[in-house]
Amino acid sequence: MKKVFGIAALLFVVAVAAWWMTRDPASGDSTFLSPYNLENLLQRLGLFGILSIAAAFVIVTGGIDLSIGSVVCVAGCVLPWLLRDLALSPAVAMALVLALSAAIGLWHGVLIVGLGLQPFIVTLCGLLLYRGIMRAFTNDQTMGLGDAAEGLRWLATGRLPIVEGFGLPVPVLVLAVVAVGTSVLWTRTVWGRHLFALGRNEEAARFAGVATGRLTVLAYVLCSLLAGLGGSLFVLDVNSAQASSFGNFYELYAIAGAVLGGVALRGGEGIVLGIVLGTALMQTLQNTINLVGDSNRLEFAVVGGVILAGAAVDEGLRRLWRRR
Amino acid sequence: MPAPLLEARGVDKAFPGVRALSCVDFVLHRGEVVALIGENGAGKSTLMKVLAGVHQPDAGEIRLDGTPIVLRSPAAALAAGIALIHQELSLCDNLTVAGALFLGAELRRGPFLRRRAMQEHAHQSLRRLGLEVDPRALVASLSPGQKQLLEIARALRANAQVLIMDEPTSSLTRVEAERLFAVTRELEAQGRGIVYVSHRLGEVLAVADRVVGLRDGHNSGEMPVGDATHENMVAMMVGRTLSNTRREAHAPGEVVLRVRGLRTQAFPRAAVDLDLRAGEIVGIAGLLGSGRSELLRALFGADRARAGRVEVNGVQVAGHDPAAAVAAGLVLLPEDRKAQGLVLGMSVMHNLSLPTLHRRGRFVDAAYERGLSERSIAELSIAASGGNQVASTLSGGNQQKVVLGKWLAAEPSVLLLDEPTRGVDVGARAEIYTRLHELAARGLAVLFVSSDLDEVLALADRAVVLHQGAVAGELAREQLSEESVMMLATSVEVP
């Protein structure tokens with residue numbers, strides 16, 4: 001919980017800095033706080049937050065999923081194909097994409113639990129494999145939705161009007177549902193208790209009669225399922241996907257958001273609120289860089305630098321606290 | 001009279017919430033073995049760690065050969081001549097014997113290792129301790145006893161004058177322990193000083209010159225070993241005399257555990273048959289490596305068995321899944337408490353409820369958890385500040401009680417115990433025995449493995465003796481003696 005306060009404080013500092021740097025000295029208005037920018041920021045928080053929670057599901061088991069970006073790519077390419085080329089109804093198409101994503105997670109889980117392969121290896125190969133297959137499948141052509149999914153696109157681009165000129169982006173609501181569901185799962189159910197026990201000490205959990213194998217597989221399934229959901233929303237947002245670039249590096253954003261939000265890479269630790277705040281921090285940083293600089297060349301460097309500084313300060317404070 | 005080799009005066013050490021040591025004195029002379037005894041949580045480990053530079057004392061003074069010293073780190077202590085021989089063997093398993101011996105003090109020529117020279121030195125210094133192993137062998141391939149000697153060799157390489165041995169024989173066979181005692185006497189004769197920490201009072205009598213007791217972080221007395229008896233040492237540790245824990249003989253009930261033709265992975269040619277009746281306590285005896293733990297693990301489904309049937313109350317258990325065993329009423333208190341018994345990072349309460357929480361529905365039943373935790377802490381007298389205390393901060397005996405408590409909550413028919421009192425102090429050990437007797441009286445079937453023959457003799461209604469994975473024989477209570485067990489355990493022919 002202490003970590004959540006820390007990340008919230010850091011987010012506040014970054015937001016204040018963003019406001020200060022983007023404010024117009026004459027009128028006092030800030031681009032950062034403009035309704036348009038806030039809507040945009042919240043929408044991106046919704047989309048990336050889902051991926052961070054996806055990553056957290058396997059990180060709490062002590063594993064890792066590097067294939068999230070490629071699963072995003074799979075969803076982004078397959079959804080337009082189902083909707084436009086096969087002309088399936090939106091509900092059926094979404095269901096198929098989510099089922100496909102879950103199947104990818106099941107495949108990971110079976111390789112990791114059944115064959116005892118390293119999660120890093122399995123999902124690294126997944127990262128290469130799924131993107132490669134998608135590039136072949138789409139012939140490297142852009143997969144466009146056209147106007148095949150007008151209704152469905154509301155999930156990604158819709159706004160619930162709150163006040164004049166500002167509407168709450170629907171992806172934030174999707175994230176809220178996912179976050180609350182995950183939080184209940186983790187903290188209020190036996191399943192969640194078992195998941196965290198497994199993450200802290202798999203052998204002891206198994207010796208306590210916890211079905212650790214099945215639980216690990218399920219964590220990978222949920223991870224890929226959420227990645228598929230995120231990927232669907234991404235493609236619905238921008239209306240088209242290019243297999244060679246769609247979702248590139250998203251696994252790293254997802255992992256960074258989760259870890260920044262206090263999910264321990266060694267497993268068994270994590271709070272959903274922290275993950276959402278961690279993602280918000282990442283997105284606010286990127287947003288600020290885009291607003292302040294006239295190019296985003298420095299984006300990666302700044303994001304990397306801030307996360308590193310945050311980790312160093314966190315460790316420093318912890319040592320200071322332990323010494324007292 | 002010369003100044004003592006090592007002298008600690010008025011040592012205080014507090015941790016958040018605990019006063020581990022208050023005003024403790026400790027003296028060690030050259031050519032002396034001092035046994036440090038006390039229950040878990042009495043402060044033995046803390047005192048040892050203060051002497052070995054792991055912890056810095058809050059107050060007090062440490063003198064080495066009469067000179068006050070401050071030990072900032074284990075490395076500084078070793079440089080000063082004080083070595084800690086760890087309880088959990090701390091050598092890196094993936095190194096070679098020579099590599100481990102020289103770790104951190106490698107012989108080299110410029111940036112290059114002098115491997116040949118190190119191997120030669122390693123061979124020499126290990127042979128002086130009576131350890132004949134190839135210096136190029138991996139540490140992982142050594143037995144626990146050989147690792148212990150390797151640790152001692154490491155300490156001697158650093159020319160340690162004070163050797164602190166923490167439960168050195170807890171995982172050694174009898175022969176290895178004898179070897180260790182001989183080495184200890186030799187070191188003593190060389191004028192070094194040895195602090196010997198053990199729960200095994202028989203060993204203390206055999207090896208020590210003087211016995212020093214600690215209780216609740218205070219000195220609780222000392223005596224030359226000539227005056228020491230089992231009874232007065234126990235009294236010094238627990239502050240009272242323990243009643244004898246042997247129980248009344250009684251008639252066992254129905255067969256609850258039936259094992260037929262069980263073959264473990266380690267001993268695929270030995271098929272084990274076993275019947276266990278309600279209310280019976282059966283000990284599995286045998287030498288280290290005779291397949292005792294493997295048998296329990298296979299019964300519980302922690303390891304997949306090659307073949308065989310395990311029935312609990314007439315119902316067959318799947319045999320490759322602890323979850324199925326627990327559901328059938330067969331539970332295991334495992335050998336390695338820290339790796340298998342507890343999720344150390346979780347609270348006492350969450351550990352206690354881990355195997356049974358799912359029986360209360362899909363959602364966490366917080367009231368059940370709290371109730372279970374309060375009940376277990378009270379009934380098993382677990383020394384914890386409450387259910388929310390993190391399990392890793394408990395002492396060994398209390399951790400073991402948590403493991404026991406979580407299984408009692410599962411209301412099993414058969415309780416398997418693997419070395420139930422390893423690293424557990426005398427007081428907690430007696431409590432665990434009493435508890436097991438009560439449980440058996442209520443109809444629980446208990447099957448336990450112990451390397452401690454005294455424990456088998458004290459606890460078991462009958463003993464099954466294993467030899468190379470097979471049942472070498474069975475001994476009824478009247479036939480049980482150290483000699484009869486050893487006869488079977490060392491039987492030459494394989495059935």
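The values are calculated or read from the model by the stated rules, or taken from the named source; none is laboratory data. Just so it is clear, the model here is predicted, and its values are computed rather than measured. Quick reminder, even Gly has a Cβ in these numbers, built from the backbone with ideal geometry, and neighbours come from all protein chains shown.
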Being among the aliphatic types (A, V, I, L, M) and at pLDDT below 80, is that true of even one residue in segment B:434-447?
no
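Test residue B:61 against the stated conditions and say whether it is in contact (Cβ under 8 Å) with a residue 24 or more places away in the chain, among the acidic types (Asp, Glu) and either in a strand (DSSP E or B) or surrounded by fewer than 21 Cβ atoms within 10 Å (Cβ to Cβ) (or both).
Numbers: in contact (Cβ under 8 Å) with a residue 24 or more places away in the chain: yes; among the acidic types (Asp, Glu): yes; either in a strand (DSSP E or B) or surrounded by fewer than 21 Cβ atoms within 10 Å (Cβ to Cβ) (or both): yes.
The answer is yes for residue B:61.
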Whether any residue in segment B:347-355 is more than 11 Å from chain A (Cβ to nearest Cβ), over 24 Å from residue A:60 (Cβ atoms) and assigned to a helix (DSSP H, G or I) is what I want to check.
no
Could you check segment A:105-128 and list, in sequence order, the residues that are in contact with a Ser or Thr (Cβ under 6 Å, 6 or more places away or on another chain) and polar (S, T, N, Q)?
A:123
For residue A:185, work out the one condition from (1) within 13 Å of chain B (Cβ to nearest Cβ); (2) of a type in the set (A, V, I, L, M, F, W, C); (3) surrounded by 21 or more Cβ atoms within 10 Å (Cβ to Cβ) it doesn't fulfil.
(3)
Of the residues B:343, B:364, B:331, B:326, which is within 7 Å of chain A (Cβ to nearest Cβ), under 14 Å from residue B:412 (Cα atoms) and of a type outside the set (Gly, Ala, Ser)?
B:326
Contacts under 7 angstrom Cβ, first residue in segment A:233-251 being within 18 Å of residue A:126 (Cα to Cα), partner among the basic types (Lys, Arg) and crowded, with 18+ Cβ neighbours inside 10 Å, 6 or more apart:
A:243/A:131
Among the candidates B:423, B:443, which residue alone is surrounded by fewer than 17 Cβ atoms within 10 Å (Cβ to Cβ), of a type outside the set (Asp, Glu), touching a residue at least 40 places away in the same chain (Cβ under 8 Å) and outside any strand (DSSP E or B)?
B:443
Please find, within segment B:359-407, the residue that is nearest to residue A:194 (Cα to Cα) out of those that are surrounded by fewer than 19 Cβ atoms within 10 Å (Cβ to Cβ) and among the basic types (Lys, Arg).
B:362
Can you name every one of the helices (runs of 4 or more DSSP H) wholly within segment B:73-177 that holds 1 or more residues which are closer than 24 Å to residue B:423 by Cα?
B:74-80, B:144-157
Report, by residue number, each residue of segment A:188-216 that is aliphatic (A, V, I, L, M), touching a residue at least 40 places away in the same chain (Cβ under 8 Å) and within 8 Å of chain B (Cβ to nearest Cβ).
A:197
Can you spot a residue in segment B:382-391 that is within 24 Å of the chain's Cα centre (by Cα) and within 13 Å of chain A (Cβ to nearest Cβ)?
yes
Identify the single condition in (1) surrounded by fewer than 21 Cβ atoms within 10 Å (Cβ to Cβ); (2) charged (D, E, K, R); (3) within 14 Å of another protein chain (Cβ to nearest Cβ) that residue A:237 does not satisfy, given that it satisfies every other one.
(3)
Out of B:87, B:119, I need the residue that is of a type in the set (S, T, N, Q), touching a strand residue (DSSP E or B) at 6+ places or on another chain (Cβ under 9 Å) and at pLDDT below 85. Which one?
B:87
Would you point out the residue of segment B:188-231, among those that are touching a Pro at 6+ places or on another chain (Cβ under 9 Å) and assigned to a strand (DSSP E or B), that is surrounded by the fewest Cβ atoms within 10 Å (Cβ to Cβ)?
B:210
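Mind checking whether some residue in segment A:38-55 is part of a loop (DSSP other than H, G, I, E, B), at negative phi and crowded, with 23+ Cβ neighbours inside 10 Å?
No.
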Do the conditions hold for residue B:435, that is, is it more than 13 Å from chain A (Cβ to nearest Cβ), part of a helix (DSSP H, G or I) and over 29 Å from residue B:278 (Cα atoms)?
no
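Out of curiosity, is residue B:318 within 12 Å of chain A (Cβ to nearest Cβ), assigned to a loop (DSSP other than H, G, I, E, B) and out of contact with any Phe, Trp or Tyr (no Cβ under 9 Å at 6 or more places or on another chain)?
yes
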Tally the residues that are among the acidic types (Asp, Glu) and either within 14 Å of chain A (Cβ to nearest Cβ) or part of a strand (DSSP E or B) (or both), restricting the search to segment B:273-303.
3
Being among the charged types (D, E, K, R) and buried (at least 22 other Cβ atoms within 10 Å of the Cβ): is that true of residue A:85 here?
no
Tally of residues being surrounded by 15 or more Cβ atoms within 10 Å (Cβ to Cβ) and among the hydroxyl-bearing types (Ser, Thr, Tyr) across segment B:113-159
2
Failed item, numbered, when residue B:458 is tested on (1) at pLDDT 85 or above; (2) part of a helix (DSSP H, G or I)
(1)
Keeping to segment A:163-182, report how many residues are in contact (Cβ under 8 Å) with a residue 24 or more places away in the chain and within 14 Å of another protein chain (Cβ to nearest Cβ).
0
Residue among B:409, B:428 that alone is at pLDDT 90 or above, out of contact with any strand residue (DSSP E or B) (no Cβ under 9 Å at 6 or more places or on another chain) and small (Gly, Ala, Ser):
B:409
Being touching a residue at least 40 places away in the same chain (Cβ under 8 Å) and among the small types (Gly, Ala, Ser) narrows it down to one of B:100, B:77, so name that one.
B:100
